[in-house]
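The values are calculated or read from the model by the stated rules, or taken from the named source; none is laboratory data. All figures in this text were calculated on a predicted structure; none of them were measured in a lab. Positions of Cβ are generated from backbone atoms using ideal geometry, with glycine treated the same way; all protein chains shown enter the neighbour counts. Surface accessibility is based on the protein's heavy atoms, side chains included, excluding ligands, DNA and RNA. Shrake-Rupley method; radii C 1.70, N 1.55, O 1.52, S 1.80 Å.
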Amino acid sequence: MSRGFLLVLSGPSGAGKGTVSKELIQRNEDIVFSISATTRDKRPGEQDGVNYYFMDEETFDAKANAGEFLEYAHVHNDKYATPKEFVMNKVAEGEIVLLEIDVQGALQIKKNYKNAVFMFLLPPSMTELKRRIEGRQTETEEEIELRYSNAFKELDFVNEYDYFVVNDTVEQAVLDMEAIIRAEKHRVKRFKYIKERVIGEKNV
Ligand code: ADP
Ligand code: 5GP
């Protein structure tokens, strides 16, 4: 017995969202990653249709106006959005869809999807966060500063989330996320026919 739901993961740039998400998805076949659309440039090693759907602003805006996005936001210096169709199909198929999105996007989801689960990934400290952003070597000095200063603003939103997870080690962070997901799968509110299923009146 399982039900699909949206799993929102936010946290400051460099907290390790990409790293822990990848591990979580590799280990759990009922969790799928929602590939976002973005106007930002591709980083070395990133692939279109794998990490993001990279597109110019005109294409992005046309899709936004056509209602193809579940949520969208301006983050740092670019636009990001969650394509709606994929997410809705997967949830209907009973899958857990992981949305790695910023706090503005998470608030839009919270308003519209009552059954979504909200997790906030924290770095062990701000010093370690800076070290991780710099260590990734994917942004310019200016972009690093922007991401680091935005991190303080993003932390103000942690109280809007259901759970926090500290990414000290990737292993522990993934175990904590799995524990949360496991509990969420057993929420009575997600199921209408628990009794009927047990007594054999419904195959749900
Ligand atoms: P985000 O997606 O939140 O911006 P990334 O997953 O890109 O963050 O991680 C930022 C950097 O920190 C990467 O270089 C990654 O390898 C590193 N990192 C992630 N998690 C950890 C961790 N638990 N310990 C040490 N380094 C980590
Ligand atoms: P990055 O450019 O480092 O991959 O991501 C920058 C920020 O954009 C991160 O906080 C990430 O969570 C956020 N982000 C990525 N995809 C989406 C999305 O589809 N919607 C929103 N609102 N934010 C996103």
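Every condition in (1) in contact with a Gly (Cβ under 7 Å, 6 or more places away or on another chain); (2) part of a strand (DSSP E or B); (3) not β-branched (Val, Ile, Thr) is met by residue 132 except one, and the failing one is (2). Of all residues in the range 162-178, exactly one satisfies the criterion of being more than 15 Å from ligand 1 (Cβ to nearest atom) and either open to solvent by less than 60 Å² (accessible area, probe 1.4 Å) or modelled with pLDDT under 95 (or both), namely 178.
Per the conditions (1) within 12 Å of ligand 2 (Cβ to nearest atom); (2) part of a helix (DSSP H, G or I); (3) hydroxyl-bearing (Ser, Thr, Tyr), the sole criterion not satisfied by residue 59 is (1). Based on this model, can you work out whether residue 109 counts as away from ligand 2 (no atom under 11 Å from the Cβ), under 16 Å from residue 9 (Cβ atoms) and not polar (S, T, N, Q)? No; evaluated as a whole, the condition is false for this residue.
Is there a residue in the range 73-81 that is open to solvent by less than 60 Å² (accessible area, probe 1.4 Å), assigned to a loop (DSSP other than H, G, I, E, B), under 19 Å from residue 165 (Cβ atoms) and not aromatic (Phe, Trp, Tyr)? Among the residues of the range 73-81, not one is open to solvent by less than 60 Å² (accessible area, probe 1.4 Å), assigned to a loop (DSSP other than H, G, I, E, B), under 19 Å from residue 165 (Cβ atoms) and not aromatic (Phe, Trp, Tyr), which makes the answer no.
Restricting the first member to the range 188-204 and to residues that are closer than 18 Å to residue 92 by Cβ, and the second to residues that are at pLDDT below 85, the beta-carbon pairs closer than 6 Å and six or more apart or on different chains are 193/202; 193/204.
So which residues in the range 21-42 are assigned to a helix (DSSP H, G or I) and open to solvent by 30 Å² or more (accessible area, probe 1.4 Å), if there are any at all? Matches in the range 21-42: 22, 23, 25, 26, 27. Whether any residue in the range 12-20 is more than 27 Å from residue 149 (Cβ to Cβ), open to solvent by less than 60 Å² (accessible area, probe 1.4 Å) and small (Gly, Ala, Ser) is what I want to check. No, the range 12-20 contains no residue that is more than 27 Å from residue 149 (Cβ to Cβ), open to solvent by less than 60 Å² (accessible area, probe 1.4 Å) and small (Gly, Ala, Ser). The single condition among (1) open to solvent by 40 Å² or more (accessible area, probe 1.4 Å); (2) away from ligand 2 (no atom under 14 Å from the Cβ) that residue 138 does not meet is (2).
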